[in-house]
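Down below is the structure, laid out as structure tokens.
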Amino acid sequence: MSTSAPASATHGFAPNLAAAHGAIAEPRIVAPSLGYITGPGAAATAGSPSVSDDSSADAPPLSGSVEFREVGIRFGSGAAAVQAVRGINLSIRAGEFVSILGPSGCGKSTLIGALAGFTAPSEGSLFVDGQRVTRPGSDRGVVFQYHNLFPWKTVAGNVEFGLKMRGVGRPERQAVTAEILQRVGLAEFARHYPAQLSGGMQQRVSLARVLVNRPRLLLMDEPFSALDAQCRLLMQELLLELWREFRTTVVFVTHDIDEAIFLADRVILVSPRPGRITGELPVTLPRPRTAEAVTTAEFLSLKRTCFGHLRG
Ligand SMILES: Nc1ncnc2c1ncn2[C@@H]1O[C@H](COP(=O)(O)OP(=O)(O)OP(=O)(O)O)[C@@H](O)[C@H]1O
Ligand SMILES: [Mg+2]
């Protein structure tokens, strides 16, 4: 599978999404050449540096910058208290793809939960596009290891649910849903139910359901770790394509070194609990990336560095 085409120019997806989002009156910026929109908060970050190899000079400014300032998160109190993470300082640029890599229990999901607005920091503060995170919102979409689709709704019903909740009219909802299902390769499965799909297909629906809201932050918590190696690679390539098209910031949690490097602009290394950032590794592998990237000397060198760091 190739990731070379800037598919926003080749798929009819973006203009219809723009129409749907116009209906819900979210702030947006339109790039006339692509009819492309950014998610909420775009205007707030005009001029933010992009780190992706964006091929379109007319592309709109990106949103989705993140800043953790001395964030600590503790669960429970007294003798039963668990300090999950401590002293987290991390800046993520709008449009950046960051992997968070660390051992089980080091607080990776806790960091995702904080960004999603599910868990408030016990210490320090957390900002997205300069705004303090206080609650969940559709501008920050989460894809988990196991899908949390509504089992009683069809694939299309699941994908369009968020738009329906936000008052988007039926014709627009259906058009946008059909386009994104086409984009993730599930057009023929729109009327199926989640239980009738493979694990990889369920994760495609999960991605579609989140992306349909044009999130400024895509939060992924080991989304492919239950998939077999072949399917996982296809999903990784699909994700990179979608990241290019949607121009969103991605925070991707994994404990798989290959996956972390293959996907990201930067790998953030986290210590065992209480999780602290112990290092970061810029990934300068050229984009677009395909499966062959993992066999290059540069990739193996990055992997060695990662291993060394994680072993201390
Ligand atoms: N809701 C909660 N209540 C109490 N403790 C929690 C809660 N959520 C997480 N923890 C604790 O915080 C620590 C970090 O958990 P977290 O799930 O963030 O780790 P993780 O890095 O995602 O691990 P894994 O790789 O196994 O998914 C663990 O010790 C866990 O028990
Ligand atoms: Mg976890």
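Values in this text are rule-based calculations from the coordinates and carry no lab data. Treat the numbers as computed from the prediction; the structure is a model and nothing was measured. Note that we place each Cβ from the backbone using ideal geometry, even for glycine, and neighbour counts take in every protein chain shown.
Using a simple spin-label model with pseudo-atoms 7 Å out from Cα toward Cβ, GLU70 and LYS153 lie 4.2 nm apart.
For THR290, no residue 5 or more places off, or on another chain, has a built amide H under 5 Å of its own. In terms of surrounding Cβ atoms within a 10 Å radius of their Cβ, ARG209, ARG86 rank from fewest to most as ARG86, ARG209. Shape analysis of segment 92-138 places it in the oblate category; the axes a ≥ b ≥ c from the Cα gyration tensor give an a/c of at least 1.5, with a/b not above b/c. Taking a straight line from the alpha carbon of LYS153, these aspartates and glutamates sit under 18 Å away, with near neighbours fewer than eight places off in the same chain left out: GLU188.
Distance between the C-alpha centres of segment 155-193 and segment 235-293: 28 Å, rounded to the whole angstrom.
Peptides 281-294, 149-162, ordered by how many other C-beta atoms sit within 10 Å of their residues on average, highest first, read 149-162, 281-294. Of LYS108, LYS164, the sequence from fewest to most neighbouring Cβ atoms within 10 angstrom is LYS164, LYS108. 3J(HN,Hα) couplings calculated from phi for segment 277-282 with the Karplus curve 6.51 cos²θ - 1.76 cosθ + 1.60 (θ = phi - 60°) are, in sequence order, 7, 9, x, 8, 10, x Hz; Gly and Pro show x. Close amide-amide hydrogen proximity is noted between GLY275 and VAL85, ARG86, each under 5 Å apart and 5 or more residues distant or on a separate chain (H modeled in the peptide plane; Pro and chain starts excluded). Each of CYS231, CYS106 was scored by other Cβ atoms within 10 Å of its Cβ. Arranged with the fewest first, they read CYS231, CYS106.
In order along segment 85-93, the phi-based Karplus estimate (6.51 cos²θ - 1.76 cosθ + 1.60, θ = phi - 60°) of 3J(HN,Hα) comes to 9, 8, x, 7, 10, 7, 10, 10, 6 Hz; Gly and Pro are listed as x.
Mean separation of Cα pairs under 8 Å and 6 or more residues apart, divided by the residue count, gives segment 149-214 a relative contact order of 50 percent.
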